[in-house]
Amino acid sequence: MTLSFTDARTRSEWDLIRRSQHDIVTTRQLRAFGLSWNAIRAKLDGRRWQRVHRGVIALFTGPLTRQARLSAALLYGGGRSCLSHESAAEAWGWLRQRDDEPIHITVPYTHSVRAQPGLVIHRSRAFQHVLAPLVPPRTNREDTVLDLATAQPDRASAQRNLMNRATAHRVSATALFELMQARPAYRYHAALERAVRFLAEGTTSVLEVRYLLDVEAAHGIPQARRQVPVRADGRKLLEDCDYSPVGVPLIVRLDGRAYHGDVETAFRDRRRDNAAELAGRPRLVYGWNDVRHDPCGVAAEVLTVLRRDGWNGPARPCDQCGDVSKT
């Protein structure tokens, strides 16, 4: 919808607002451009415009696009609001949300806006610190990771969610640790701090997260050292999991590649294999399908080698398997 302006500068300002806000405006903006309350009400009553939230109007009829709904949510939140939780993850490109899914925004703690249909309001006492000043405004990357984790239904899900998001989207353990010190009041505090410690100790991929949680932690297998440097032909390479700290020279490699045509990677792996063989070290290799679909089988094999080579510590079955402690 185009308003009539005699001044070219005013028209340009109006067009910029419309485009940037996806044809969603506030009644305050309309009033600033000279429209009376009666004129606004006439447009709404004549169904040429539609009310989205209190004080927020779409300059068209019919369904709202996702971008229009996001814009309406932020405008309803006032001058100080930002996308958060799943909606911030959507803005960061981490999630693809359906048009009918609710929009989450965070506002300052004292802000008096109320939840609306399809709109979830969160409040923050440290709003100025969580805001990433981008378009659209959203919580910063580490706050988004923590918010998504604390929204999970239980500790285990929260821990997995945080580690998967952080590794997949390169959010550093240091940034998360600093955030947790600044935000002491959050759900699953101990479990999420433990997850950040895992990240700091070298867990660097989603596959490694799966192995640590679903194979090691779930079955009582001692935690390996991560990303341990080895030298082969004068080159520094890294082993994913090294069980030497528990007295067994077992190496576990986690190969997330679906295909093995990379010549450089194949050469690196061959040199690591040779170096391990020359050092007399047993090694096991697992890919995504192994760890994702059969973590109990992977755990049984790892325990077999650990026990064969002298580790006698306790193990336990997870909820999905038999008594691996007898393996």
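The values are calculated or read from the model by the stated rules, or taken from the named source; none is laboratory data. In this text the structure is predicted, and so the values were computed from the model without any measurement. Cβ atoms come from the backbone with ideal geometry, glycine included; neighbour counts cover every protein chain shown.
Numbers for the structure displayed
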{"read-out": "Residues located in the range 287-300, provided they are closer than 20 Å to S205 by Cβ and in a helix (DSSP H, G or I)", "value": "W288, N289, D290, V291, R292, H293, P295, V298, A299"}
{"read-out": "From the options I57, I40, residue that is surrounded by 22 or more Cβ atoms within 10 Å (Cβ to Cβ), outside the structural domain of L119 (by TED's automatic domain parsing), of a type outside the set (K, R) and on the phi < 0 side of the Ramachandran plot", "value": "I57"}
{"read-out": "Meets criteria (in contact with a helix residue (DSSP H, G or I) (Cβ under 7 Å, 6 or more places away or on another chain), acidic (D, E) and assigned to a helix (DSSP H, G or I)) for E178", "value": "no"}
{"read-out": "The range 301-326, subset outside any loop (DSSP other than H, G, I, E, B) and modelled with pLDDT of 90 or more, residue surrounded by the fewest Cβ atoms within 10 Å (Cβ to Cβ)", "value": "R308"}
{"read-out": "Of all residues making up the range 124-162, the number that are outside the structural domain of A89 (by TED's automatic domain parsing) and of a type in the set (G, A, S)", "value": "5"}
{"read-out": "Selected residue [surrounded by fewer than 19 Cβ atoms within 10 Å (Cβ to Cβ) and over 40 Å from the mean Cα position of the chain (by Cα)] from R51, R9, R66, R28", "value": "R9"}
{"read-out": "Subset of the range 121-143 [loosely packed, with under 12 Cβ neighbours inside 10 Å and assigned to a helix (DSSP H, G or I)]", "value": "Q128"}
{"read-out": "Qualifying positions in the range 138-167 - farther than 23 Å from L70 by Cβ and of a type in the set (A, V, I, L, M)", "value": "A156, A158, L162, M163, A166"}
{"read-out": "Every pair of residues 6+ apart whose Cβ atoms lie under 9 Å, when the first sits in the range 70-96 and is within 21 Å of T110 (Cα to Cα) while the second is at pLDDT below 95 and of a type in the set (K, R)", "value": "Y76/R54"}
{"read-out": "Residues that are of a type in the set (D, E, K, R), modelled with pLDDT under 95 and within 14 Å of the chain's Cα centre (by Cα), drawn from the range 69-103", "value": "R96"}
{"read-out": "Qualifying residue in the range 290-298 (condition: more than 15 Å from R210 (Cβ to Cβ) and either out of contact with any strand residue (DSSP E or B) (no Cβ under 7 Å at 6 or more places or on another chain) or modelled with pLDDT of 90 or more (or both))", "value": "no"}
{"read-out": "Strands (runs of 3 or more DSSP E) lying entirely in the range 1-120 (those with 1 or more residues that are under 23 Å from N140 (Cα atoms))", "value": "103-108"}
